[in-house]
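Trainee: Okay, here's the structure, questions in a sec.
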Amino acid sequence: MSTTMRSCTCFSSKMATRSTNGITIMFRPAHFELACELLRLILTGRTPADKRMEHYFRAHRELGSHDRGYVAETVYGCLRNKRVLQALCGDSNVSAEELTAAYLRMYGDMTAETVLRLDRHDRVRSLMHLLETANIAALPVAVRANLPDWLWESLVQQLGEPEALQLAEALNRPALVDLRANTLKTTRAQLQDELAAEDYAAETTPYAPQGLRRADRKPLFSTPAFQSGRFEVQDEGSQLLSLLLEPQPKERVVDFCAGGGGKTLHLGNLMNNSGALYAFDVHEHRLERLKPRVRRAGLSNVRAQLIKTERDPQIKRLRGTINRVLVDAPCSGTGTLRRNPDTKWRELDLPALVTQQRDILAAAATLVKPGGRLVYATCSLLRAENEDIVDDFLLQHDDFTRVPVNDILTRLQIPLSMPGLDLRLFPHTHGTDGFYGAVLEKKAAAQS
């Protein structure tokens, strides 16, 4: 038992309840102590919140799944609402204990009296009195949006203040759980029935033809359907990006920035496990994590390839030989704040990131054979990482043309229409993470 757990034994264990992942559990004082400790580690470290959380719970194996869910929900709530909580506390340097106490009081299920019994510090006691008269509606709009000023200003410039606020509110709500049926092993309807029989009800996604969606975030990784590779967890927006590539069986396809491989697995599905599917990435540990996923999915056409940079010799050897290339570029991740709320509080060197994105797109384009297709995608909300990158690329590469995404969506019978040439998905309008996708095709070789 950890020191943190021992320090809480002096309190009564029956204090409040909360519905976590669809299950009502009893709140225990240890939850508060654990949430404070975990939040402090995330705020003072450089490790992403989900990875830090994974390591933390591995070190606290004495916690049950419901307890872990309660603590994780509290920590993510603090991260989502951090700017409002700091403003209400009157200090941008408030402690993890104060943030957690303020969150539980303002957004959770705790009365002031309950929170005071959790922490006897004078500062928390004063804070509870301060929060009694708190008025969130009186805070500046950027603070209410729970976004840093630079991001709020960018979204207002792109969307206008009313829609930017709608988007911010959606970003500050937990994401639902989207699944993708592995059509090499099952169908969406069969998977839906199988999960329902195990009490994991799911609805079909409105756009992605093999997608299912669950409001309940109860883990699915121990189900027979997952263990046997009949589905993957993948946001519906991410599924749509793979579909834009329209890979065909027996083609040569490259996932240029494969990462964990979610889109790689989908592309292999769409290729009917034929042809050659190259998964490039500069991080060896990511490609290692991809290998068991490939085996579970039943794919044999995936070739994981570690590259040092976008100018790696392996890329030069494949120059002009690839039918289709997906570039899911490294980006700010601003479209995934529902899942990764800590991202918005970390420093971002946007100019350096934009330079990297331009270099990666230019390098990936050299792989495309005449008549082939290139999809540039990000999970960013920012025009600087999206349309501006593609516009600049097309100015310098007159052998590529932009393909209207609506043409592809119509051909694939996806009931979605974009107001512009590219794919733009938003949480507040589409229920997905924020994604961008541009489809570019290389002109066919001139006939002699």
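Trainee: For Rg and Dmax of the Cα atoms in Å, pick the label among (1) 23.5, 86; (2) 23.4, 97; (3) 22.6, 69 that corresponds to the value derived from the coordinates.
Mentor: Recomputing Rg and Dmax of the Cα atoms in Å here picks out (1).
Trainee: Using θ = phi - 60° and the Karplus form 6.51 cos²θ - 1.76 cosθ + 1.60, what ³J(HN,Hα) does each residue of region 97-107 get, whole Hz, x for Gly and Pro?
Mentor: Each residue's phi maps through the Karplus curve to give 5, 5, 4, 5, 4, 5, 4, 4, 6, 8, 10 Hz.
Trainee: Over the chain, average the accessible area per residue using a 1.4 Å probe and give it in Å², no decimals. Before the final figure, lay out each step's value.
Mentor: Working: 19960 Å² over 448 residues.
Counting only protein heavy atoms, the per-residue value for the chain is 45 Å².
Trainee: Got a sec to turn the phi values of region 215-229 into Karplus ³J(HN,Hα) couplings, 6.51 cos²θ - 1.76 cosθ + 1.60 with θ = phi - 60°, whole Hz, x for Gly and Pro?
Mentor: 6, 7, 9, 4, x, 10, 6, 8, 6, x, 4, 6, 4, 8, x
Trainee: Right, next: 222 nm [θ] for the chain, helices only, -39500 (n - 2.57) per DSSP H run of 4+, per residue, to 500?
Mentor: -12500 deg cm²/dmol
Trainee: Taking θ as phi - 60°, what are the ³J(HN,Hα) couplings along region 392-404 by the Karplus curve (6.51, -1.76, 1.60), each to the nearest whole Hz, with x for Gly and Pro?
Mentor: My calculation for region 392-404 gives 5, 4, 5, 5, 9, 9, 6, 8, 10, 10, 8, 9, x Hz in order.
Trainee: OK, next. Where both partners of a DSSP beta bridge lie in the chain, what percent of those bridges are antiparallel, to the nearest 5?
Mentor: Beta bridges within the chain, antiparallel portion: roughly 60 percent.
Trainee: Further, regarding this structure: Using the Cα atoms of region 146-200 to build a convex hull, what is its mean projected area in square nanometres?
Mentor: So the mean shadow area of the Cα hull is 6.2 nm².
Trainee: At q = 0.12, 0.17, 0.19, 0.21 Å⁻¹, what is the base-10 log of I(q)/I(0) for region 192-347 according to the Debye formula with one equal point scatterer per Cα and no solvent? Please give it to two decimals.
Mentor: Values returned for q = 0.12, 0.17, 0.19, 0.21 Å⁻¹ are -0.58, -1.11, -1.31, -1.47.
Trainee: Accessible surface of S417 in the full protein assembly, 1.4 angstrom probe, to the nearest 10 Å²?
Mentor: Answer for S417: close to 90 Å² accessible.
Trainee: Rg/Rh for region 341-448 to two decimals, with Rh computed the Kirkwood way over all alpha-carbon pairs.
Mentor: That ratio is 1.01, to two decimals.
Trainee: Could you work out what % of the accessible surface of the chain is carbon and sulfur, using a 1.4 angstrom probe and leaving DNA, RNA and ligands out of the count? If you can, show how the numbers build up before the last one.
Mentor: Working: 9710 of 19960 Å².
Carbon-and-sulfur percentage of accessible area, whole number: 49.
Trainee: Relative to the longest principal axis of the C-alpha atoms of the chain, give the angle of the C-alpha long axis of helix 188-197, reported between 0 and 90° and rounded to the nearest 10°.
Mentor: Tilt relative to the chain: about 30 degrees.
The values are calculated or read from the model by the stated rules, or taken from the named source; none is laboratory data. Just so you know, these numbers come straight off a predicted model, no measurement behind them. The accessibility values were calculated without ligands, DNA or RNA, using every heavy atom of the protein model including side chains. Shrake-Rupley method; radii C 1.70, N 1.55, O 1.52, S 1.80 Å.
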